[in-house]
Amino acid sequence: MSQDALPRCSRLPLAIRLPALLAALERVPAGAWQHHFNTGYYEGEWSGVALITPADALLPLAPGQGEPVRSTWWQGEDAWHTVLASFRTTIRSARLLRLGAGARIHEHCDPDLGQPGADLRLHVPLLSPPGVEFLVDDLHVPMKPGECWFIDLSRPHRVDNPGPGARVHLVLDCEPNAWLLELLRQGLTDTPELSPGRAGLAFAAFRDHVAGDPSLAERLRAITDVHRFCETVVRLAHEQGLAFSEAEVRGAMRQGKRTWNDQWRV
């Protein structure tokens, strides 16, 4: 597989020893968890612990391109050594990232991951309540504990953890060598088809409702302020028992704009 043709996601054929990792996770010192530095990207608790950090990273949880530097606190835990050794490529960054119950990561892109030759980001879920939704391009990635996934996070993505319990992933930034790219290719045959999340389905239902109500459609069409339009759509949908956020509305607006622009391309 060429790095120029990366898929949206791929479930890699790797065997992860989950029980050993969960036992090691319980022994992570409580004081080791740090709040994520991108405070504008989330609400609730989003914290992490660095296992490997690039030498040029400004903060332990921040990305970088420097030589990988291993933290000292986990060197006595065989489980972390074993799982990291299973990746036959350079791991530039390895972090445990915890999203607390009731927390969410707002939609954003990580454009540095889409650059030529950029590291590939892998997720190994350790704890994942059944209600967690990880959405990429508004599609739910059904990651389960003990699996390993590549996800192209240069695309729009967001995460919602309604709970109960925290979601914890081991997140790796890896050099895109031939071994890893071949693993991504192999994983595509066993990667489940993605589907819209709960909020996406609710938004589709509201859109159908608006299409069948000309007066409501005209009322919404008359709102020219984008923020007010999004707020109104979310409120009216909730009155219909349909729960979604402004992210779904803005995503639909972006898609509509792309569709309009694409029709003029030759």
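Tabulated data for the structure shown
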| item | result |
| --- | --- |
| Value at 222 nm in deg cm²/dmol, rounded to 500, when DSSP H runs of n ≥ 4 in the chain each add -39,500 (n - 2.57) | -9000 deg cm²/dmol |
| Within-15-Å neighbourhood charge of PRO63 [Cβ basis; K, R +1; D, E -1] | -4 |
| Of all accessible heavy-atom area on the chain, the percent that carbon and sulfur account for (1.4 Å) | 54 |
| Mean separation of Cα contacts under 8 Å (6+ apart) over length of the chain, as relative contact order % | 21 |
| Most positive-pole-ward Cα, ALA94, LEU188, HIS108, against dipole of the chain from beta carbon charges | LEU188 |
| Positive minus negative residues near ARG17 (Lys, Arg vs Asp, Glu; Cβ under 13 Å) | -3 |
| Shape category assigned to the range 112-157 from the gyration tensor of Cα positions, a/c cut at 1.5 | oblate |
| Helical segments meeting 15 Å axial Cα length and Kyte-Doolittle 1.0 threshold in the chain (DSSP H) | none |
| Cα centre as origin, Lys/Arg/Asp/Glu Cβ charges: the chain dipole, Debye | 120 |
| Order of exposure, largest accessible area first, which applies to THR53, THR39 with probe 1.4 Å | THR39, THR53 |
| Solvent-accessible area per residue, Å², over the range 36-120 with all protein chains present [probe radius 1.4 Å] | 47 |
| Charge dipole magnitude, Cβ of K and R +1, D and E -1 - the range 107-255, Cα centre, debye nearest 20 | 360 |
| Signed unit charges on C-beta, dipole axis of the range 138-266, positive-most listed residue HIS209, HIS227, CYS174 | HIS227 |
| Formal net charge of residues neighbouring ALA79 (Cβ-Cβ distance under 10 Å; K, R +1; D, E -1) | 0 |
| Separation of the GLU218 and GLN65 label points, Cα + 7 Å toward Cβ, nm | 5.7 |
| Relative intensity, log₁₀ I(q)/I(0), of the range 58-140 from a Debye sum that treats every alpha carbon as a point, q = 0.17, 0.19, 0.23 Å⁻¹ | -0.99, -1.21, -1.47 |
| Among (1) 6, 26, 38, 21, 7, 1, 0; (2) 6, 27, 33, 20, 10, 3, 0; (3) 7, 31, 36, 20, 6, 0, the entry that matches P(r) over Cα pairs in 10 Å bins from 0, in percent as calculated here | (2) |
| Centroid-to-centroid separation of the range 197-234 and the range 1-63 [C-alpha atoms, Å] | 36 |
| J(HN,Hα) series, the range 104-116, from Karplus relation 6.51 cos²θ - 1.76 cosθ + 1.60, nearest Hz, glycine and proline x | 8, 9, 5, 4, 7, 10, 10, x, 5, 6, x, 7, x |
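The values are calculated or read from the model by the stated rules, or taken from the named source; none is laboratory data. Computed from a prediction, not measured in an experiment: that's the story for all the values here. Cβ: placed from backbone, ideal geometry, glycine included. Neighbour counts: every protein chain shown. Protein only, heavy atoms only, side chains kept; ligands, DNA and RNA dropped before computing areas. Shrake-Rupley method; radii C 1.70, N 1.55, O 1.52, S 1.80 Å.
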